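See structure below.
The values are calculated or read from the model by the stated rules, or taken from the named source; none is laboratory data. Being a predicted model, the structure only gives us computed values, none of them experimental. No Cβ is skipped: glycine too gets one built from the backbone with ideal geometry, and neighbour counts run over all protein chains shown.
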Amino acid sequence: MPKHIRHGFLVGIVFVAALTAGCLFGAGPITSLELVVDNSRLFAGDTAIVTAVGRTEKGKVVTFQPQWEIVRGNGAFEPNGSQAVFYASDWDYQGMVKLRATYGKLQAETEIEALGLLGEIEDPFPKPESAFDLMPERTEPQIISTNDLAFFSNVVALKSKRDGHIFTGRARFVWDGKIMIADSPAPDSWVNALHYTEIPEIPKLSHRVHFERIDIEVLDRGTNYSRSVAHRTGTTKEHATELMWSVTSETTASARWGWGDIQTKLTAEIKSTTKQSVRIEEETTVTKSWSFQHPNDHDVYLYTSWNRVDTFYLSDSNGVPLEESEIFKGWGFSSNPVEIRGSGVVQRTWGFDYE
């Protein structure tokens, strides 16, 4: 894993003396414009907030809505008034990206360095031989990390002492970092004989990443392309709840917990266990405008857009999900995967020449 790159505010300032650009809310005309960027170096999939600051002749900051554009390089904008979120969304573009805000006759520009490939994973995308090759709907997953657990529980089969009825319950197998004989709800009710013994090893909390294709186009030389694309973000409450129960000591949690409690607890648990920041949000569908620009280097381009999916799941020490693991074969455990979509949408483009 690369070290996170932290940067202070980079201020790209271009003051332009101009004629009156407009009068907003009685504050007087904007006579100067500057751009402030909160992150000046981005890996593919990372974002930066760009703020356009307009001032009157007396230095008063006023609210306004400029036009946003990418002057050089690749990426995408999501404008929101005087701010815009810039996405370093082109997987294979490395170099400086010049951004511009325009308001009337005023313009301000700044640059962000795009570092290309996501730092923690290898290029997961296929290698097409032509612009018309069929592309998969999803890439093969890559394991990012496999991490120790202090607590582990899972849903198992139980038999009623009274009538022999089979039902499911949650049992603890690891407590405070130590393996234990399952103790809840009643040791003599296990259907699976293995549950009367200790598990072969402490399960892990693993993290893997794959990408789901959300857009594909064949573009001619020198094409500037933009489209609004809908894709899913977040995860489901049910999956988040199951994973949270399995990796925390709070195995008796009930349905009275709200989604906010689950978000807080699972986010904290993942961060403390994996040392990776993740934002747990309820699943929804969002629509964003993605743009693509390329020079005239090739006759035709195969353009694709992909939604990143981070999955946290219970595994053996090799990163294999519990239900697929040879180590835990026969135990009947679930890996309780939580797929978190939308932490980054990236573009991958290939250029080809006609013979």
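Figures for the structure shown
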{"item": "Filter result for the condition that a residue is out of contact with any strand residue (DSSP E or B) (no Cβ under 6 Å at 6 or more places or on another chain), surrounded by fewer than 21 Cβ atoms within 10 Å (Cβ to Cβ), at pLDDT 90 or above and in a loop (DSSP other than H, G, I, E, B), over ASN296, ASN318", "result": "ASN318"}
{"item": "Any hit, the stretch 83-101, residues being among the β-branched types (Val, Ile, Thr) and within 29 Å of SER315 (Cβ to Cβ)", "result": "no"}
{"item": "Residue that is surrounded by fewer than 17 Cβ atoms within 10 Å (Cβ to Cβ) and not in a strand (DSSP E or B), where the choices are GLY169, GLY164", "result": "GLY164"}
{"item": "Selection count, the stretch 84-99, where residues are in a strand (DSSP E or B) and within 12 Å of THR47 (Cβ to Cβ)", "result": "4"}
